[in-house]
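The values are calculated or read from the model by the stated rules, or taken from the named source; none is laboratory data. For clarity, every value in this text was computed on a predicted model and none was experimentally measured. Every residue, glycine as well, gets a Cβ built from its backbone with ideal geometry; the counts of neighbours run over all protein chains shown. Protein only, heavy atoms only, side chains kept; ligands, DNA and RNA dropped before computing areas. Shrake-Rupley method; radii C 1.70, N 1.55, O 1.52, S 1.80 Å.
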Amino acid sequence: MFRRAFWFTAGAAAGVWATTKVNRRLKQLTPESLAAQAADKAVEAGHRLKHFALDVKAGMSQREDELNDALGLCRSEEDTARPDNVTALPGPRRLQAIENPQRTTHRPNFSHINRNEDH
């Protein structure tokens, strides 16, 4: 008698447990639930991408400062006011670059070539 009651109770509990598991899984597979999960994953990926971009930007800024120090470039207050944040050469080096135009690299002008010609 106790044996049958034990196995009946165990079977009923297993059936309730299995039914609950299946119903939960079915609810997870509804289109609304799948859309919500996809949206959550997209938001999470966006946050990760934002943090990655901020880390890259911080690293770029740090490396730019290191290179500016190594090259002797300085940031004056008028340089930081520029919208593009271009760092100018210090006074003597700027004049030297302006006075010696031979030191600039020559770029050939290919404007005479018609790229629309049939070959």
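List of remarks:
- Here the label points at Lys21 and Ala5, each 7 Å from Cα along the C-beta direction, are separated by 2.8 nm in the simple model.
- For the range 1-76, the share of accessible area belonging to carbon and sulfur comes to 66 percent (1.4 Å probe, ligands and nucleic acids excluded).
- With the simple spin-label model, which puts each label point 7 Å out from Cα in the Cβ direction, the Val56 to Gln28 separation comes to 3.3 nm.
- Formal net charge of residues neighbouring Ala42 (Cβ-Cβ distance under 15 Å; K, R +1; D, E -1): +1
- For the range 8-15, Karplus couplings with θ = phi - 60° (6.51, -1.76, 1.60), whole Hz, Gly/Pro x: 5, 5, 5, x, 5, 5, 5, x
- Leu71-Glu44 FRET efficiency (beta carbon distance; Förster radius 41 Å; 0.05 resolution): 0.50
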